1. Please determine whether any residue of region 72-82 is under 15 Å from the mean Cα position of the chain (by Cα), hydrophobic (A, V, I, L, M, F, W, C) and at pLDDT 95 or above.
2. Could you say which residue among 52, 8 is closer than 17 Å to residue 98 by Cα, part of a helix (DSSP H, G or I) and among the aliphatic types (A, V, I, L, M)?
3. Residue by residue through region 88-121, note down the ones that are in a loop (DSSP other than H, G, I, E, B), polar (S, T, N, Q) and surrounded by 15 or more Cβ atoms within 10 Å (Cβ to Cβ).
4. Given the residues 105, 135, which is the only one that is of a type in the set (A, V, I, L, M) and more than 22 Å from residue 45 (Cα to Cα)?
5. Kindly indicate which of 46, 81 is without any contact (Cβ under 8 Å) to a residue 60 or more places away in the chain and closer than 24 Å to residue 134 by Cβ.
6. Looking at region 105-127, I want the residues that are free of Cβ contacts under 8 Å to residues at least 60 places away in the same chain and over 21 Å from residue 5 (Cβ atoms) and have a partner that is basic (Lys, Arg) and part of a helix (DSSP H, G or I) with Cβ atoms under 9 Å, at least 6 apart or on another chain. Which pairs are those?
7. Which residue is surrounded by the most Cβ atoms within 10 Å (Cβ to Cβ), if the candidates are limited to region 64-87 and must be outside any strand (DSSP E or B) and touching a helix residue (DSSP H, G or I) at 6+ places or on another chain (Cβ under 6 Å)?
8. Hey, could you check region 21-34 for residues that are within 10 Å of the chain's Cα centre (by Cα) and not in a loop (DSSP other than H, G, I, E, B) and say which is surrounded by the fewest Cβ atoms within 10 Å (Cβ to Cβ)?
Amino acid sequence: MQGYNVLLVYNNEMDRLLMCKRLKEPYLGLSNLVGGKIESGESGMEAAYRELYEETSITRGAITLHHLMDFKYYLQDCYVEVYAGKLNGDAAVSGDENELYWSDLDRNFFDMTLYAGEGNIGHMIEQVKMSLPFLFERQEA
């Protein structure tokens, strides 16, 4: 079963989310979260930090990622690990795979005409909101 990850990267103030505009299929032209494939022999967390750096140039020292949830798709023989983190401070982002941008959080992330993932991005953001004290209390201490 092939593994993938998606990463919810928030700025330090937790008022913006790093998104990308897809430049290829699937979801060409739609906004999505950054992430990618988990390679053979690689842990999910290792893959998350590797993909984060490859797609955004954000280093492991600039953010602490937390494993938030998983999705398993039996008919597609794959699973998706979801990670969330907030930057420790300001960080420059750059990448050439997709067009990166910071999104305000007052958007309708369930709108499938604008966002990839059949509404899952909205669901993941809601899960982060519900888990805020637990997710980031250790990072704040």
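The values are calculated or read from the model by the stated rules, or taken from the named source; none is laboratory data. The model shown is predicted, which means the values in this text are computed figures rather than measured ones. Quick reminder, even Gly has a Cβ in these numbers, built from the backbone with ideal geometry, and neighbours come from all protein chains shown.
1. Yes, there is a match, as at least one residue in region 72-82 is under 15 Å from the mean Cα position of the chain (by Cα), hydrophobic (A, V, I, L, M, F, W, C) and at pLDDT 95 or above.
2. It is 52.
3. Listed by number, the list holds a single entry, 98.
4. 105
5. That would be 46, the only listed residue that is without any contact (Cβ under 8 Å) to a residue 60 or more places away in the chain and closer than 24 Å to residue 134 by Cβ.
6. Between residues of region 105-127 that are free of Cβ contacts under 8 Å to residues at least 60 places away in the same chain and over 21 Å from residue 5 (Cβ atoms) and residues that are basic (Lys, Arg) and part of a helix (DSSP H, G or I), there is no close pair.
7. Selected residue: 65.
8. Restricting to residues being within 10 Å of the chain's Cα centre (by Cα) and not in a loop (DSSP other than H, G, I, E, B), the top hit is 32.
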